[in-house]
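> Just dropping this structure here.
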Amino acid sequence: MGPSAAALALLGLWLLTADPPWCLGLDLKLNEAVELNATMPAFKVDQDDTYLCTSVALPDTEPLQLVGFQPLSSKEVVHHMLLFGCDAPASQDKVWQCSMQPACAGGDHVMYGWGRGADAMHLPPGTSFSVGPGTAVAHVVLQIHYMGKRPEKDESGVRLSLTRQPQPLAAGMLHFASWFSIPPRQPSHHIDNRCCFNGFEPAEGFAFRVHTHLLGRSVFLDSVAPNGSLAGREMTNDPQLPQGFYPVDPRFRLLPGRQVQATCDFDSSERDSPTSAGSTHHDEMCNLYLLTSSPLPFFQICTNNMGRTDRFGVGGLPQQGQLHQDQSKQWQPPLPLSQSSNAPNQRHFLGHQVSGVANGLNGSMWVFHRAERLWDGQAYKPDWEHINYEDPIAADTLLQLDRDSGTVKSALGGNMFFMPHMVTVDYASGDLWLTDTGLHQAIKMSPDGRILLELGRRLEPGHDDEHFCKPTHVAVARDGSIYVADGYCNARVVHFTAEGRHMKNIELPADKGSMSVPHKLVIDDCRDSLYVADRESSKVQSFKMSDGSWQGTWDVAAAGKPYGLAKGPYGSLFALCWQTPPQNGPVKAALLSEFPGGMDQVWDLPGVEVPHDLEVVAAPVWSGAGRQRPVALMVTETRMQDSRLLKFILLPGGVSLPAEELAFPQRAQQREVDEYTSDSREDPELERPQGRPDVTENWAEDEAGEADDVSEDWADREGGGSSDLSAEASSREDFAAEAMDEEGRPAGRPRGDLGSEARNDLAAEAMEEERFGDPSELSAERKGRPGLTSGDEEAAVEAELEAEMEQEEEAEMEQREEAEWRMEEKQDMKDSPFQEGQEPYGEGVSEAQAELRREEDKAERRPVFEDSALGEAESSDGRNPDLAEAERLVMDAEMEERKRVEEAQERSEESQPQETEFAEHQKSDAAHNEHQQIPTMQSDMGEPQVIQQDRMSLGAAVGQMFIIGMPFAIAFASVALYLWRRLGDLKPLPRRLPTSDPGL
């Protein structure tokens, strides 16, 4: 054993006893997925109804994505279990009692619950909880409620399934819990708990769990109409069944400001005294847990009709964040119009002035721009009210972009607008609201460009209930009510019904003066509040929506004039501020205080000039710490030219955007994150839960078993689906196919829409590049064809590609037949019954005739290449040179084979007279070989051949391999044993989570 081998052996032995901190990280880097058993450590329990908590040790080397839960408990021992996500545990002890006490220091968030023998649960494809370092869930706390004395060898807990691969959507929880008292002798007593969803973007509810003690008969969730009445049952279950997570109707969606009510129905007929809410099984509980999926995680607890969120908690804002401009190659919005000559292949550009931006559905955003038109000193007539143009802008002024990449998905608005200002998306319908200061109108438009409603008189400025004068922005309330900022001439906000009937004007009280250019609106339905960016007053005003009364003011003069205003996570409010000339100060973004007053944080926006609008969106997964989406601010400019759409990503202090080579190891992974949309949900006829919970019944079958493989599905999802939320959502498995109509256009898109053409062009070019290299030559050839319309051109290209694919398939088949023919020829020669001197073609046939017949026989059996791709290039005599060369090689091989067979037959004849002598030699050689340990080999022709004695014997080779490989084997075994000892419960993730539920 050499020095290096000995060193390896010593290294392995050292690993067996050492405890280096890097070893855990090494294991995680080698394994894409792991399992972690979160079990309760030993702790004596001698009394009933004991609650124990323990902090689960997560790998501390990198963030992970929690995607599955496998209970490891028995309902005979454990009443229920909860898993909390926290920034820090409530205690540093290994185990502590936590009956009716917080599990976490600060806010805690329930991520999973189990009771009454429920089965395992796996989250839907593309959805996860981000946990570990760099995330808001740095610690996971397990809480177990033991009904009685704990068995000595109890190892109750939950097996966590985690993956390293980022997921495009984040799981969250809407949690209902109440304090109450139930009177005795009541066959039915309801405990109601109403709550308002305080998110800033839609979330999908995908699973729910209910929990009561012995008196609970049913727990259900109802929608609440805007007028406060109940609007319909959304989900219900019997709490005496296994308390796992059950599937939710895929059409159920939580929109910002939506109210829902959880109700528990109790039967206290057998009780003689009141029953209160409490921790023991003699008390009662009323809980409903609704799991959600959205780009940013959302956690909210609703207690006795009061919702509670933390805007600095999970899915919220960093305490001391920093803004970083996204200048990566992955963010490529359209170029400014002035640079059109530098991008001849780009069809759509941002106009000289980009006036509006709005967060859309399905991972998109909408941008409103003015194309070649400018709002300058010549735009309006001397009265400053009437537009100085006779015709609308001919170009498309409204672009739908992919929110993460900036790719144009659709374009519309040509020959419709005179002076575009701002855009709003109604999340309930997907429709757009646009304001035009030249038209003096607020216009409701469908995503395919149909005008649905117009408020104000076209090209007529005015000051009454039927006219606007340069309106600036529209906001839509949860009940469909419309609020229009009638900004530049009229210092008011006008309230309309959903049908467009005028309701009231909202203005400042007389003692507060008047607003000066109300420029942007934000609605918070949960607070019944309307916020107005009072631009020239350098203030943000707050009004009560129900009666229009004034509530307070934020003074933002220190940052500048509020041009833009946008709602962020958990009711947070951002303002885009600018010190206009002559002060001409830097552009800033401000986070307003939770209640009217001032600003909590202010950031500089370097490089931004003449800002105009602001929107808050979810940033791409790659840009955030902990492999989860952070918050991003979208900013537009209205310079005289070269205006831009800019993205600034809000990260915790001290954290920077990752380098692109680290953030994008695979383009496909980024594409799947960009293109996955929450609209790709199943929409079957939901079966209400019966018996055992089966939340993963459909998801596990669709996701092919492993969370890491879900990227293969995401990458195929182009375009994000239809914006019509009233239509049934597609299933995950069929989404890509159903989203395209018979002409290759995404379903719901109009003919001529950019989305279908752009995707078809990209798909064709990608296929051309894969098969032919650079597609520029083929594209140029296609562009040069005369007389082809757009549809004919696409059809011709498709026909060409299909023909070429057929030719390639034929060529492959012919090559396989050629190979089979060669093998048959060799086998025929080997198995031929004719001896030397006999002709296989019969007696009396000359050698020349026999050779001719051989050639004819080969010609009949040879594959035909003339119709294949090999026939494209021909020599001067009409024959393909590649084919001729192939034939020559085949003939040479045949001649060599024939010569070898003849030589073998000659040797066989010569050996027959000397058979006795050869046998004696063979015996002698065998004895010699046995002594020398040199094996004999049998040739194909039946001739024994002896291996040269100077070759290494098999035994010597095995011995040397054993000597060389032993230290490596010792090192490998030592590492394996070390990991087994040190990592304990950390195991590779199986292809499918083990469970007794066949649906998983």
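The values are calculated or read from the model by the stated rules, or taken from the named source; none is laboratory data. It should be emphasised that the depicted structure is a prediction, and the values quoted were computed from it without experimental measurement. All Cβ positions, even for glycine, are placed from backbone atoms using ideal geometry, and neighbour counts span all protein chains on display. Please note that ligands, DNA and RNA were not included when accessible areas were found on the heavy atoms of the full protein model with its side chains. Shrake-Rupley method; radii C 1.70, N 1.55, O 1.52, S 1.80 Å.
Residues checked against (1) open to solvent by less than 20 Å² (accessible area, probe 1.4 Å); (2) under 22 Å from residue 190 (Cα atoms); (3) not in a loop (DSSP other than H, G, I, E, B):
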residue: 233; (1), (2), (3): no, yes, yes
residue: 242; (1), (2), (3): no, yes, no
residue: 249; (1), (2), (3): no, no, no
residue: 256; (1), (2), (3): no, no, no
residue: 260; (1), (2), (3): yes, yes, yes
residue: 265; (1), (2), (3): no, yes, yes
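> Hey, another quick one. Go over the candidates 217, 194, 258 one by one and state the one that is over 21 Å from residue 280 (Cβ atoms), out of contact with any Lys or Arg (no Cβ under 8 Å at 6 or more places or on another chain) and of a type in the set (D, E, K, R).
So the residue among 217, 194, 258 that is over 21 Å from residue 280 (Cβ atoms), out of contact with any Lys or Arg (no Cβ under 8 Å at 6 or more places or on another chain) and of a type in the set (D, E, K, R) is 194.
> Another question, then. Looking at this structure, is residue 172 more than 28 Å from residue 278 (Cα to Cα), open to solvent by less than 10 Å² (accessible area, probe 1.4 Å) and among the small types (Gly, Ala, Ser)?
Judged against the criteria, residue 172 is not a match.
> Considering each of 614, 576, 651 in turn, give the residue that is farther than 30 Å from residue 126 by Cα and open to solvent by less than 10 Å² (accessible area, probe 1.4 Å).
Just one listed residue meets the conditions, 576.
> Inside the range 421-454, can you point out the residues that are in contact with a Gly (Cβ under 7 Å, 6 or more places away or on another chain), in a strand (DSSP E or B) and open to solvent by less than 10 Å² (accessible area, probe 1.4 Å)?
Those that are in contact with a Gly (Cβ under 7 Å, 6 or more places away or on another chain), in a strand (DSSP E or B) and open to solvent by less than 10 Å² (accessible area, probe 1.4 Å): 421, 422, 423, 441, 442.
> Okay, moving on. What number of residues in the range 527-571 are aromatic (Phe, Trp, Tyr) and closer than 16 Å to residue 200 by Cβ?
Within the range 527-571, residues that are aromatic (Phe, Trp, Tyr) and closer than 16 Å to residue 200 by Cβ number 2.
> Are any residues in the range 293-306 open to solvent by less than 60 Å² (accessible area, probe 1.4 Å) and not in a strand (DSSP E or B), and if so, which ones?
Hits for the range 293-306 are 295, 296, 297, 298.
> Another question, if that's okay. Out of the residues in the range 64-94 meeting the condition of being of a type in the set (A, V, I, L, M) and over 13 Å from residue 145 (Cα atoms), tell me which one is farthest from the chain's Cα centre (by Cα).
Here the residue is 90.
> Given (1) open to solvent by 10 Å² or more (accessible area, probe 1.4 Å); (2) in contact with an Asp or Glu (Cβ under 8 Å, 6 or more places away or on another chain); (3) within 21 Å of residue 400 (Cβ to Cβ), identify the lone condition not met by residue 491.
If we test residue 491 against (1) open to solvent by 10 Å² or more (accessible area, probe 1.4 Å); (2) in contact with an Asp or Glu (Cβ under 8 Å, 6 or more places away or on another chain); (3) within 21 Å of residue 400 (Cβ to Cβ), just (3) comes out false.
> Take the residues of the range 440-456 that are of a type in the set (Gly, Ala, Ser) and under 31 Å from the mean Cα position of the chain (by Cα): which is farthest from residue 395 (Cα to Cα)?
My answer is 446.
> Suppose we filter the range 182-211 for residues that are open to solvent by less than 20 Å² (accessible area, probe 1.4 Å), acidic (Asp, Glu) and in a strand (DSSP E or B); how many remain?
So the count comes out to 1.
> Let me ask another. Which residues, counting only those in the range 145-180, are in contact with an Asp or Glu (Cβ under 9 Å, 6 or more places away or on another chain) and part of a strand (DSSP E or B)?
145, 146, 159, 160, 161, 162, 163, 169
> Given the criteria modelled with pLDDT of 95 or more and within 27 Å of the chain's Cα centre (by Cα), does residue 171 qualify?
For residue 171, the condition - modelled with pLDDT of 95 or more and within 27 Å of the chain's Cα centre (by Cα) - is met.
> Which one of these does residue 474 not meet: (1) part of a loop (DSSP other than H, G, I, E, B); (2) open to solvent by less than 10 Å² (accessible area, probe 1.4 Å)?
In the conditions (1) part of a loop (DSSP other than H, G, I, E, B); (2) open to solvent by less than 10 Å² (accessible area, probe 1.4 Å), residue 474 misses (1) alone.
> I'd like the full set of residues that are in contact with a Leu (Cβ under 9 Å, 6 or more places away or on another chain) and more than 25 Å from residue 79 (Cα to Cα), limited to the range 207-241.
222, 223, 224, 233, 234
> Report yes if residue 105 is in contact with a helix residue (DSSP H, G or I) (Cβ under 9 Å, 6 or more places away or on another chain), open to solvent by 10 Å² or more (accessible area, probe 1.4 Å) and of a type in the set (A, V, I, L, M, F, W, C), otherwise no.
Spelling it out, it is not the case that residue 105 is in contact with a helix residue (DSSP H, G or I) (Cβ under 9 Å, 6 or more places away or on another chain), open to solvent by 10 Å² or more (accessible area, probe 1.4 Å) and of a type in the set (A, V, I, L, M, F, W, C).
> Out of everything in the range 617-641 that is in a helix (DSSP H, G or I) and open to solvent by less than 20 Å² (accessible area, probe 1.4 Å), what residue ends up being modelled with the highest pLDDT?
Only one residue fits best here, namely 621.
> Right, another one. When residue 217 is evaluated against the numbered criteria (1) basic (Lys, Arg); (2) in a loop (DSSP other than H, G, I, E, B); (3) at pLDDT 95 or above, which criterion, by number, is the only one it fails?
So residue 217 meets the others, but not (2).
> Taking residue 69, is it in contact (Cβ under 8 Å) with a residue 40 or more places away in the chain, open to solvent by less than 10 Å² (accessible area, probe 1.4 Å) and of a type in the set (A, V, I, L, M, F, W, C)?
So residue 69 passes the test.
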